[in-house]
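The values are calculated or read from the model by the stated rules, or taken from the named source; none is laboratory data. Quick caveat, the model's predicted, so the values are computed rather than measured. In this analysis, Cβ positions are derived from the backbone assuming ideal geometry, glycine residues included, and neighbour counts consider all displayed protein chains.
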Amino acid sequence: MNPIQRLAGEEYRYPYLSPTELAERLSKKAVLYLPIGSLEWHNEHLPLGTDTFHAIELSRRLCERLGGVLLPAFWWNTGGCHDHACTYHMPESFYRAVLRAVICGLRAIPAKLLVLINGHGGGYQKDTPNLVAGELNRERFPIHVLVTDPYALGTSCPHRIDHADTNETSVAMELIPQLVRMDREIGPDLFSKEKPFQRGPATPRIGKEFCDAVLSDAAALIERTYAGL
């Protein structure tokens, strides 16, 4: 679908909604979804935006399942991973401040819950959104902030996300199959220096099993949190 086209069904993407449509959707389920990810080297077979694309697609599926409104993604990441021309770095203090500022800018929206869906596995990015969410919730920010992290959810599935290897590539086959290019020459991993797929080939089945488990856990967490607000 052309990215600037409206959806054929009921529109849920924030930039495409009219004020009346936004109010109608939030009156049914007052939840906002904010995908957060990175721009990072993912070998030759996956795009630099893999982590953010995954977060967007997981957010989209949750929004369709539970209701609410999908916000534009937060693409920028900070340090804590490899240095490479294809990997964007923002100083951690700036990252924390900018993410917080983006969230604070949502203050006037009549939502009860903001769900951050993280697609990047760097340790700082698993920590910082939780720190920002904790700060805002303690300060009684008018929208409760909840972090859902695929790296922590879906533990009933034996597959865990790696880096551009068997499992992350399998997840990409499930979430963004049109962007996976297995016909490319795939070299050693930038981190481990090892050739990927030594544990076995990436398959859509592995990706679906993982994503189903993550989405099930995330949906349950969101519904439980929302019910308590």
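Within region 183-229, the residues that satisfy the criterion of being polar (S, T, N, Q) and surrounded by 14 or more Cβ atoms within 10 Å (Cβ to Cβ) are THR203, SER216, THR225. Being assigned to a helix (DSSP H, G or I), over 14 Å from HIS54 (Cβ atoms) and touching a Ser or Thr at 6+ places or on another chain (Cβ under 8 Å) is not true of ARG100.
Filtering region 47-68 to residues that are touching a strand residue (DSSP E or B) at 6+ places or on another chain (Cβ under 8 Å) and assigned to a helix (DSSP H, G or I) leaves THR52, ALA55, ILE56, LEU58, SER59, ARG60, LEU62, CYS63, LEU66.
The residue that is nearest to ASN43 (Cα to Cα), counting only those in region 185-205 that are part of a loop (DSSP other than H, G, I, E, B) and of a type in the set (D, E, K, R), is ASP189.
Can you find even one residue in region 54-67 that is surrounded by 19 or more Cβ atoms within 10 Å (Cβ to Cβ), over 16 Å from ILE117 (Cα atoms), touching a helix residue (DSSP H, G or I) at 6+ places or on another chain (Cβ under 7 Å) and of a type in the set (D, E, K, R)? No; the residues of region 54-67 include none that is surrounded by 19 or more Cβ atoms within 10 Å (Cβ to Cβ), over 16 Å from ILE117 (Cα atoms), touching a helix residue (DSSP H, G or I) at 6+ places or on another chain (Cβ under 7 Å) and of a type in the set (D, E, K, R).
Checking GLU44, GLU40, GLU11 one by one, the residue that is part of a loop (DSSP other than H, G, I, E, B) and crowded, with 19+ Cβ neighbours inside 10 Å is GLU40 and no other.
Table: residues versus (1) in contact with a Leu (Cβ under 8 Å, 6 or more places away or on another chain); (2) of a type in the set (A, V, I, L, M).
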residue: TYR88; (1), (2): yes, no
residue: LEU106; (1), (2): yes, yes
residue: LYS126; (1), (2): no, no
residue: ASN130; (1), (2): no, no
residue: PRO142; (1), (2): no, no
residue: VAL145; (1), (2): yes, yes
residue: ALA164; (1), (2): yes, yes
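Taken over region 116-174, the criterion of being in contact with an Asp or Glu (Cβ under 6 Å, 6 or more places away or on another chain) and in contact (Cβ under 8 Å) with a residue 60 or more places away in the chain is satisfied by ASN118, GLY119, HIS120, LEU153, GLY154, GLU168.
If the condition is being touching a Phe, Trp or Tyr at 6+ places or on another chain (Cβ under 7 Å), crowded, with 17+ Cβ neighbours inside 10 Å and modelled with pLDDT under 90, then region 108-132 contributes only GLY121.
Against the list (1) within 14 Å of the chain's Cα centre (by Cα); (2) at pLDDT below 95, the condition LEU71 fails is (2).
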